[in-house]
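**Student:** Supplied in structure tokens, the structure appears directly below.
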Amino acid sequence: MKNLGFYRILTYILFVIGGFMSLMLLTMVLAALANPILLLPVFMVACVVIYTYSSWRFLTRGIDAHMYCKPSLRDLVKVNGYGTLAFAALTGIQSLSLIMKPAMLSEVMEQAMSMQKTSVEGMETMMMNFMQFLLRFLLVYSIMLLVHVYMSFRLIRQHADAFQIPADPEG
């Protein structure tokens with residue numbers, strides 16, 4: 001496949017981000033135990049982390065090394081790929097809507113700042129700049145996830161032989 005180089009680069013970028021998300025997931029699980037409303041976001045982030053690892057494993061073992069992969073790896077990529085699609089779509093829509101409507105973002109920031117007990121000079125502008133950067137990053141990340149999941153599903157179909165038990169050459 002001519003886009004395999006792009007897929008490989010995208011996989012490693014997502015793998016690094018997925019490592020950071022796995023650390024975030026550990027703290028989210030603890031928070032979700034105290035507040036069950038957080039279970040859905042925890043589930044979606046877990047899908048992204050599992051998808052990122054399993055797609056990397058499929059790339060390194062099934063495509064690059066031409067080794068046999070268990071069908072459960074294919075299932076992990078597919079099932080968690082659907083959860084990743086949902087996460088990427090929701091994140092992309094939310095980021096895009098907040099980028100397109102800065103008044104909504106400034107209202108959210110004002111509410112967050114009103115909850116702070118003490119205010120530091122320049123904290124509002126610093127937080128606003130950080131939120132704008134974070135929204136742009138999340139938009140790019142969600143686009144990368146959408147493209148990667150689509151490419152992964154195509155590669156799973158193209159490399160279906162990686163999930164078939166190899167024939168014994170001696171027998």
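**Student:** Using alpha carbons only, how many degrees (0 to 90, rounded to 10) separate the axis of helix 123-158 from the longest principal axis of the chain?
**Tutor:** Once rounded, the angle reads 20 degrees.
**Student:** For the chain, with only Lys/Arg (+1) and Asp/Glu (-1) charged at the beta-carbon, what is the dipole magnitude about the Cα centre, in debye rounded to 20?
**Tutor:** Numbers: 12 positive and 9 negative charges, 75 e Å.
About 360 debye.
**Student:** Okay, next question. Counting other C-beta atoms within 10 Å, which of MET100, MET115, MET128, MET123 has the fewest, and how do the rest follow? The partial results should precede the final answer.
**Tutor:** Details: MET100 9, MET115 6, MET128 15, MET123 12.
Fewest to most other Cβ atoms nearby, the residues stand as MET115, MET100, MET123, MET128.
**Student:** Scan [x] 16.1, 54; [y] 19.4, 67; [z] 20.0, 77 for the value of Rg and Dmax of the Cα atoms in Å calculated from this model and give just the label.
**Tutor:** Here the calculated entry is [z].
**Student:** Name the residue from ALA65, MET131, ILE143 whose Cα lies farthest towards the positive end of the charge dipole of segment 48-147, charges +1 on Cβ of Lys and Arg and -1 on Cβ of Asp and Glu.
**Tutor:** ALA65
**Student:** Given R₀ = 30 Å, what would the calculated FRET efficiency be for LEU40 paired with ARG136, taking r from the Cβ atoms and rounding to 0.05? Show your work: numbers first, answer last.
**Tutor:** Details: r = 25 Å, r/R0 = 0.82.
Here the calculated transfer efficiency is 0.75.
**Student:** Then there is this: Based on alpha-carbon centroids, what's the gap between segment 21-55 and segment 90-150 in Å, whole number please?
**Tutor:** Using only Cα atoms to place each centre, the spacing works out to 20 Å.
**Student:** So, one more: Cut-off is 10 Å between beta-carbons; in what order do SER106, SER55, SER152 appear when sorted fewest neighbours first?
**Tutor:** Working: SER106 13, SER55 28, SER152 22.
Arranged by neighbour count, lowest to highest, SER106, SER55, SER152 become SER106, SER152, SER55.
**Student:** While we're looking at this one, here's another question. Could you please rank GLU124, GLU110, placing first whichever residue has the fewest other Cβ atoms within 10 Å of its Cβ?
**Tutor:** On the way: GLU124 16, GLU110 10.
Least crowded to most crowded, the residues run GLU110, GLU124.
Taken together, the values in this text are just the output of simple stated rules run on the coordinates, not laboratory data. Owing to the predicted nature of the structure, the values given are computational and were not obtained by experimental measurement. For neighbour counting, all protein chains shown are included, and Cβ atoms are generated from backbone atoms with ideal geometry for every residue, glycine included.
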